[in-house]
Amino acid sequence: MSELIQINDISLERHRPGPERSQRVDYRAMAQAVPAVGVGKRYWIRTYGCQMNEHDSEIMAGMLQEMGYRPASAPEEADLILFNTCAVRENAEDKVFGEIGRIKPLKRRHPELLLGLCGCMAQEEKVRQFVRDTFPHVDLVFGTHNLHQLPELVVQAMASQETVFAVWDRPGQVVENLPKLRQDGVKAWVNIQYGCNKYCTYCIVPFTRGRERSRLPEDVVAEVKQLAEEGIREVTLLGQNVNDYGLDLGDVDFADLLQQVARIPGIERVRFTTSNPWNFTDKLIDVIAAEEAICEHIHLPVQSGNNRILKRMNRGYTRETYLQLVERIRDRIPGVSLTTDIIVGFPGETEEEFQDTLDLVRTVQFDNAFTFLYSRRQGTAAARMKDDTSLEAKKDRLRRLNELQAAISRRYHEQLVGKTEDVLVEGESKTNPEILAGRTRTNRLVLLQGSRELIGRTIPVQIVGAQTWLLRGAPRTAIREVTG
Ligand code: SAH
Ligand code: F3S
């Protein structure tokens with residue numbers, strides 16, 4: 001079910017959805033006795049990119065802990081350093097190369113130090129070639145499809161004088177029962193689906209993550225039940241394109257799974273990302289509206305407000321159908337918060353076409369938007385399109401878009417001042433341990449004063465201050481305990 005396509009100087013595997021049911025395999029059954037080579041040693045993982053990468057790092061940490069490794073507080077103290085990388089934009093790749101270069105002196109001081117590169121960049125042949133040519137001090141390169149092989153690869157790298165390259169060019173079976181080291185005691189990420197079949201013309205993810213594979217609903221439900229027993233209050237279901245969940249299984253869809261997860265006792269909040277504007281069914285909207293636990297927040301990447309650009313992006317919807325979807329969602333889910341992703345400066349985008357994006361942002365009034373300058377990704381279809389807009393013009397478009405969105409986001413926050421919101425207190429604020437941080441159901445960050453005992457509880461909080469990207473709140477005296 002795959003076809004090798006040769007583009008420019010690199011070959012990439014183009015995956016097609018297969019009619020076959022995704023197969024699963026149990027990590028516990030396939031893993032040989034986990035080698036205890038990490039006893040007395042420390043690891044440090046640097047993660048770039050999306051939530052799926054963050055979660056992959058939790059899985060790698062879980063495997064390393066089983067090998068006896070313990071976390072290091074800084075790279076200088078580590079015996080094993082892993083760079084879990086992102087390939088979505090070029091500047092993310094440049095950052096990784098910069099850091100790998102900077103880490104070289106550590107290898108001189110500590111010759112036993114193992115240095116590994118994994119994640120989406122490792123799936124790119126041109127990156128592997130660059131590592132071969134420029135960074136011989138890297139000991140191990142492995143990809144997204146064989147993450148579960150980490151323990152045996154570490155042993156191989158320890159024994160080898162040469163860099164170990166172990167990258168599968170296509171996914172194998174869905175691996176279940178992977179160990180995970182989750183740092184957060186309140187909320188957790190849960191994979192429901194791997195890969196993407198959509199081939200948006202700018203995007204490298206279908207190449208680095210392979211075809212779509214869904215986990216079985218019973219495996220997802222079992223994991224979430226376990227998390228609830230461990231005291232987790234909120235789960236975020238992860239997939240590149242969650243609306244397609246189950247297409248490879250045949251008898252279940254995303255709405256069914258969401259409903260099952262939302263009814264698990266102890267799980268107070270359910271989120272999901274990313275759902276795309278295509279295939280966003282009325283059934284899905286109804287489940288979100290009906291289930292108490294599913295938060296009123298939908299991340300709905302639009303990418304552009306212009307139909308010609310949307311077509312060239314291969315997005316599969318138009319400005320009009322997107323706006324109709326927004327209307328359907330807002331009609332049925334009162335108070336829903338909508339966020340989006342937008343790319344500025346796609347090849348051939350004119351100023352007028354960019355104006356359509358600004359106009360769409362004004363029309364929809366997103367709560368927040370993640371905005372990106374288009375980045376050319378070798379091997380994707382858009383990389384071969386003519387791009388004659390200057391970088392200055394693109395940056396100027398991005399600036400105008402960001403200004404518009406910031407004003408809209410701020411207005412939403414100002415309207416909340418004086419109102420009371422249910423806030424799940426997640427922990428200490430990242431910048432000030434004296435202050436607590438939590439989120440509203442609509443995913444707005446709220447900072448508040450209060451005792452650490454509030455962590456893990458949902459409490460009514462009066463909003464007393466508004467900034468563009470955060471709210472300040474005061475807990476109301478009556479504390480409502482989490483039930484259910
Ligand atoms: N479905 C995935 C999309 C991953 S990429 C998810 O949401 O997790 C996340 C966002 O990065 C995309 O929505 C898009 O806005 C942006 N992006 C992807 N490829 C890009 C490129 N080549 N240049 C600029 N931005 C890009
Ligand atoms: Fe990328 Fe489009 Fe899939 S943005 S992850 S190809 S839905």
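The values are calculated or read from the model by the stated rules, or taken from the named source; none is laboratory data. Quick caveat, the model's predicted, so the values are computed rather than measured. Don't worry about glycine lacking a Cβ; one is built from the backbone with ideal geometry, like all the others, and counts go over all protein chains shown.
Go through the range 299-323 residue by residue and tally those that are within 16 Å of SER275 (Cβ to Cβ) and out of contact with any strand residue (DSSP E or B) (no Cβ under 8 Å at 6 or more places or on another chain). Matching residues across the range 299-323 total 4.
On the given criteria, is LEU373 within 13 Å of ligand 1 (Cβ to nearest atom) and at pLDDT 95 or above? Steps first, please.
Values: within 13 Å of ligand 1 (Cβ to nearest atom): yes; at pLDDT 95 or above: yes.
Yes; evaluated as a whole, the condition is true for this residue.
Restricting GLY101, GLY119 to those that are at positive phi and either surrounded by fewer than 18 Cβ atoms within 10 Å (Cβ to Cβ) or modelled with pLDDT of 95 or more (or both) reduces the list to GLY119.
Applying the criterion of being over 28 Å from the mean Cα position of the chain (by Cα) and modelled with pLDDT of 95 or more to the residues of the range 439-471, the residue that is surrounded by the most Cβ atoms within 10 Å (Cβ to Cβ) is VAL461. Each residue in the range 157-189 was checked for being in contact with a His (Cβ under 7 Å, 6 or more places away or on another chain) and of a type in the set (D, E, K, R), and 1 of them qualify. Quick one: which of GLY438, GLY427 is on the phi > 0 side of the Ramachandran plot and among the small types (Gly, Ala, Ser)? The conditions single out GLY427.
Can you spot a residue in the range 423-435 that is closer than 25 Å to PHE272 by Cβ, away from ligand 2 (no atom under 16 Å from the Cβ), not aliphatic (A, V, I, L, M) and not in a strand (DSSP E or B)? Steps first, please.
Of the range 423-435, the ones closer than 25 Å to PHE272 by Cβ are 423-427, 430.
Those still in the list that are away from ligand 2 (no atom under 16 Å from the Cβ) too: 423-427, 430.
Adding the requirement that they be not aliphatic (A, V, I, L, M) leaves 426-427, 430.
From what is left, the residues that are not in a strand (DSSP E or B) are 430.
Yes, the conditions are met somewhere in the range 423-435.
Apart from one condition, PHE354 fits all of (1) among the aromatic types (Phe, Trp, Tyr); (2) under 12 Å from GLN405 (Cα atoms); (3) assigned to a helix (DSSP H, G or I); the exception is (2).
Quick grid of which residues meet (1) out of contact with any Phe, Trp or Tyr (no Cβ under 9 Å at 6 or more places or on another chain); (2) in contact (Cβ under 8 Å) with a residue 40 or more places away in the chain; (3) over 21 Å from PHE83 (Cβ atoms):
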position: ASP139; (1), (2), (3): yes, no, no
position: MET158; (1), (2), (3): yes, yes, no
position: PHE165; (1), (2), (3): no, no, no
position: ASP169; (1), (2), (3): yes, yes, no
position: GLN183; (1), (2), (3): yes, yes, no
position: VAL190; (1), (2), (3): yes, yes, yes
position: GLY195; (1), (2), (3): yes, yes, yes
position: LEU216; (1), (2), (3): yes, yes, yes
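Against the list (1) surrounded by fewer than 23 Cβ atoms within 10 Å (Cβ to Cβ); (2) without any contact (Cβ under 8 Å) to a residue 60 or more places away in the chain, the condition GLU296 fails is (2). Does the range 373-391 contain at least one residue that is over 26 Å from PRO206 (Cβ atoms), assigned to a helix (DSSP H, G or I) and either of a type outside the set (A, V, I, L, M, F, W, C) or not assigned by TED's automatic domain parsing to the domain that holds CYS50 (or both)? Yes, the conditions are met somewhere in the range 373-391.
When we screen THR431, THR468, THR458, THR380 for residues that are out of contact with any strand residue (DSSP E or B) (no Cβ under 7 Å at 6 or more places or on another chain) and within 23 Å of HIS297 (Cβ to Cβ), the only hit is THR468.
Condition check for VAL235 on (1) under 27 Å from THR440 (Cα atoms); (2) more than 16 Å from the chain's Cα centre (by Cα): one failure, at (2). Quick one: is ARG328 within 16 Å of ligand 1 (Cβ to nearest atom) and in the same structural domain as LEU360 (by TED's automatic domain parsing)? For ARG328, the condition - within 16 Å of ligand 1 (Cβ to nearest atom) and in the same structural domain as LEU360 (by TED's automatic domain parsing) - is not met.
For the range 254-297, taking the residues that are of a type in the set (Gly, Ala, Ser) and more than 20 Å from LYS198 (Cβ to Cβ), the one that is farthest from ligand 2 (Cβ to nearest atom) is identified as GLY266.
Taking the range 183-207 as the search range and keeping residues that are part of a loop (DSSP other than H, G, I, E, B), closer than 20 Å to GLN226 by Cβ and at pLDDT 95 or above, which one is farthest from ligand 2 (Cβ to nearest atom)? Step through it out loud before you land on a result.
Initial filter on the range 183-207 (part of a loop (DSSP other than H, G, I, E, B)): 183-186, 192, 195-204.
Of the ones still in play, those that are also closer than 20 Å to GLN226 by Cβ are 183-186, 192.
This time we only want the ones that are at pLDDT 95 or above, so: 186, 192.
On the way: VAL186: 28, ILE192: 15 Å.
Residue satisfying both the conditions and the ranking: VAL186.
The residues on offer are ASP169, ASP219, ASP133, and the sole one that is outside any helix (DSSP H, G or I), away from ligand 2 (no atom under 16 Å from the Cβ) and acidic (Asp, Glu) is ASP169. The C-beta contact set for the range 310-334 (first residue within 26 Å of ASN197 (Cα to Cα) and in contact (Cβ under 8 Å) with a residue 24 or more places away in the chain, second residue polar (S, T, N, Q) and not in a loop (DSSP other than H, G, I, E, B), distance under 8 angstrom, 6+ apart or interchain) comprises MET313/GLN303; ARG315/GLN303; ARG319/ASN307; LEU323/THR363.
Filtering the range 49-97 down to residues that are part of a loop (DSSP other than H, G, I, E, B) and within 16 Å of ligand 2 (Cβ to nearest atom), which residue is surrounded by the fewest Cβ atoms within 10 Å (Cβ to Cβ)?
Pass one, the range 49-97, residues part of a loop (DSSP other than H, G, I, E, B): 49-50, 67-69, 72-74, 78-79, 86-89.
So of that shortlist, the ones also within 16 Å of ligand 2 (Cβ to nearest atom) come out as 49-50, 86-89.
Values: GLY49: 19, CYS50: 17, CYS86: 21, ALA87: 27, VAL88: 20, ARG89: 19.
Step by step, filter the range 49-97, then rank; the result is CYS50.
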